[in-house]
Every structure is written in structure tokens, then in C-alpha cells.
Amino acid sequence: MTEHDSPRWRSYALAFAFWTLLALSYALSGGLSSISEGYPPNWLRALSWSLGNFWLWMALVPLVGWLGRRTAGGSWRRFFAVQVPASLGVALLQLVIHLLLFWNLNGPGRMQVHTLGAYMRMEFAYSYHLAVLTYWVILAVLRGMESRRHLRDERLRRTQLETQLAQAQLQALRMQLQPHFLFNTLNAISALALADPLQARLMIARLSDFLRLTLEERHAPQVPLSRELEFLACYLGIQQVRFQDRLSTRLDVDDDTLTAAVPNLILQPLVENALRHGLQDKPGAGSLRISSRRDGDTLQLRVDDDGLGLPPAGTPEGIGVGNTRSRLHMLFGDAAQFELRAIPGGGTRAEVRLPFAEHVA
């Protein structure tokens, strides 16, 4: 038996167990009813009646299901036009086969009738309406199960589509971020090309290293923090060529955060924002401090600079900052926060707080 067949056989076994337990419960009820009326119960007769009845219905379930699917999604007129005659016909078929089997196996017993024809006429009067009712109960249950399965499949399909959409949007945000960074870096290289060709070549080499690293992880929405710090080291190497002695950087990273999963390229736009809006136009030297801390189930990432401070109120956010907010919201929803605020004494702090989770390769 293959793995594909195993769930099917499990379903068949469960269906058989269900119908058998139902038959046993009816047989027990019939025997107890005979005892209450003062008659000795004929357990074998009661059991053969119930098992024959319910096992026949079990065999007819696929037919009832097929008839139900034939009328699914159509009008009520078509539904009743098919199902009313179908219920009468299937119930009659089940009852006739059941009575023939029962008579041939058990005979008349204590009944007052002694011919098959008389027996069938008597049982038809008592049992046919119950057979029709049983058909409609089975049909209702099967349609309910089918609707539930369709609803589950639709939810799964919608979840898959939402996941694919989110991945596409995240990829689009990354594609927006990389050209933005690349154009800024190429502008800096262009400015150095004539004034300092050696530094321009050094910046090109470091840009090549940075692009190689980012291309290696181009499909990964999240990477370990240690990997993110490799990207950042390449980026800071490029900026060190631009700023020369005007820039000093310090990493303050806790060891227990190095394996934490973080969005790919989450630190680079924050550092770029600090350099461009805080330190680039600052007279004299400036410093950057990049830190990470674990606070319970939360990972805290900070980029501090001692530059010119926050821009005036109402200034539009740059691409990097807006991109960071969007990516955090898409990946973590309200579980992640991003904040830009002034540091007392001068400078700006960019802080990201997101759920802590170990990166799984």
C-alpha cells in the first residue's frame, strides 16, 4: 500500500466502524425494547436486521454523494427535480434488497405473515418512509462535509495567495532599496574618480564585495544577524572611503543576538539615513554606534549618530526609512516597532524592536 492510498483506507475503515457502531446501537435498542415488552430478545435476528440495513446504506453513500454533486451549485428547482425522485428510488432499492436478504437469512420468525410478498408489503408500510428520511439525512451530511472541505481548501488557497503576495511585495521593496543604495554609491564614486582615483577604485572593490553578499541572499527574507553585520561591514567600508577620518564606527553587539533572524538589509538603510542626514553635512568628525540587545522575547537594534539631529517636522521620510517601516509591518505586523528620535545632547537614534527568533538555515 502506498502513502497515497493510506489516508483513503483510513477513511474507509472509519466509515465502516461508524456504520457498524450505529447498527450495533440499534440492535441493542431493539433487544432491550423486546425485554421491556416481556419477550425474550432474539439478538441474532436484531443484529442481522441492523447490520444489513446500515451496511447497505454504507454501500449506497457513494451513489448519494454523486447525486448530491450533480445538483450542487444549481437552482432549487433542479435540486428537487433530481433529488426527490432519486430519494424515492434509492430508498426503494435499499429497502427491497434489505428485506430480501433478511427474509432469506432469518425467515418469518414470530411474525404473523408466512410469505415473502406479505412480509414485504407489511415492512414497506412501516419502513419505506424511514428509508426516504435516511437518504435525505445522508445527503445533508455529505453536502455539509463537502462544503466544509471546499471552505477549508478556499482558506488554504487564500492563505497561499496572501503569502505569495507578501513575498512579492517584500521582493519589490528590496528591489527598490538596492538601486537607491547603488545610485548613491555610484554618485560618490563618480565624485572621487577625478579627485582621488585610488580611493574610487577601492570603493568600487568594496561595492563589488557588498553586491556579491546581497546577491547570495537575494531570496532570503530573513538572515542571521551575524550575516547582516557582514553586509553592514562591507557598506561601512565603502562609506569609510567617502568620509575618511570624519567617520568613526563602533559595534556593540551582544553574542546571544548573533543567531537572531532579522530582515535582510535592515541595518544598511538606517546607517545610510544617519550618514546622509546626520553626519554628511556636520562640521568635523562624526560617529556611529550600532548595537543589538535581547530583551526577553524581543530583539532590539539601534543605530545612533551624533550628527545634526532629526530633520524639521513635516519633512518627508526618505526611501530607506519608509522601506524599513513597510518591510517590518509586512513581516511582523504590530509585533515590530520602528522609531526615530532625538538623542539628548545631539544626534539621532533609529531603533527597531522585533520578535526574537533563532534563524533556521
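State the number of residues belonging to the range 324-333 that are touching a residue at least 24 places away in the same chain (Cβ under 8 Å) and either within 13 Å of residue 350 (Cβ to Cβ) or not in a helix (DSSP H, G or I) (or both). Counting residues in the range 324-333 that are touching a residue at least 24 places away in the same chain (Cβ under 8 Å) and either within 13 Å of residue 350 (Cβ to Cβ) or not in a helix (DSSP H, G or I) (or both) gives 2. Does residue 303 satisfy being modelled with pLDDT of 85 or more, buried (at least 21 other Cβ atoms within 10 Å of the Cβ) and among the aliphatic types (A, V, I, L, M)? When the stated conditions are applied, residue 303 passes them.
Each residue in the range 210-247 was checked for being among the charged types (D, E, K, R), under 19 Å from residue 280 (Cβ atoms) and at pLDDT below 85, and 2 of them qualify. Across the range 40-73, the qualifying residues are those that are assigned to a loop (DSSP other than H, G, I, E, B) and under 44 Å from the mean Cα position of the chain (by Cα), and the one among them that is surrounded by the most Cβ atoms within 10 Å (Cβ to Cβ) is 72. Filtering the range 291-300 for residues that are out of contact with any Phe, Trp or Tyr (no Cβ under 8 Å at 6 or more places or on another chain) and part of a loop (DSSP other than H, G, I, E, B) leaves an empty set. Scanning the range 224-251 for residues that are farther than 22 Å from residue 264 by Cα and touching a residue at least 24 places away in the same chain (Cβ under 8 Å) yields 241, 242, 243, 245, 246, 247, 248.
Would a scan of the range 308-320 turn up a residue that is in the same structural domain as residue 290 (by TED's automatic domain parsing), surrounded by 15 or more Cβ atoms within 10 Å (Cβ to Cβ) and closer than 18 Å to residue 223 by Cα? Within the range 308-320, not a single residue is in the same structural domain as residue 290 (by TED's automatic domain parsing), surrounded by 15 or more Cβ atoms within 10 Å (Cβ to Cβ) and closer than 18 Å to residue 223 by Cα. The number of residues in the range 290-305 being of a type in the set (S, T, N, Q) and under 28 Å from the mean Cα position of the chain (by Cα) comes to 2. Comparison of 84, 90 shows that the only residue that is more than 30 Å from residue 13 (Cβ to Cβ) and in the same structural domain as residue 14 (by TED's automatic domain parsing) is 84.
Taken over the range 334-361, residues that are over 14 Å from residue 321 (Cα atoms) and assigned to a strand (DSSP E or B) amount to 5. Give the residues of the range 74-86 that are surrounded by 15 or more Cβ atoms within 10 Å (Cβ to Cβ) and either farther than 22 Å from residue 130 by Cβ or basic (Lys, Arg) (or both), sorted by residue number. The one that is surrounded by 15 or more Cβ atoms within 10 Å (Cβ to Cβ) and either farther than 22 Å from residue 130 by Cβ or basic (Lys, Arg) (or both): 79.
Would a scan of the range 334-349 turn up a residue that is in contact with a Phe, Trp or Tyr (Cβ under 7 Å, 6 or more places away or on another chain) and either over 12 Å from residue 273 (Cα atoms) or free of Cβ contacts under 8 Å to residues at least 12 places away in the same chain (or both)? No, because not a single residue in the range 334-349 is in contact with a Phe, Trp or Tyr (Cβ under 7 Å, 6 or more places away or on another chain) and either over 12 Å from residue 273 (Cα atoms) or free of Cβ contacts under 8 Å to residues at least 12 places away in the same chain (or both). Taking the range 189-280 as the region of interest, the strands (runs of 3 or more DSSP E) fully inside it that hold 2 or more residues being surrounded by fewer than 21 Cβ atoms within 10 Å (Cβ to Cβ) and assigned by TED's automatic domain parsing to the domain that holds residue 324 are 222-224, 247-253.
The values are calculated or read from the model by the stated rules, or taken from the named source; none is laboratory data. From a predicted model like this one, the values you see are computed outputs, not experimental measurements. Neighbour counts are summed over all protein chains in view; Cβ atoms, including those assigned to glycine, are modelled from backbone coordinates with ideal geometry.
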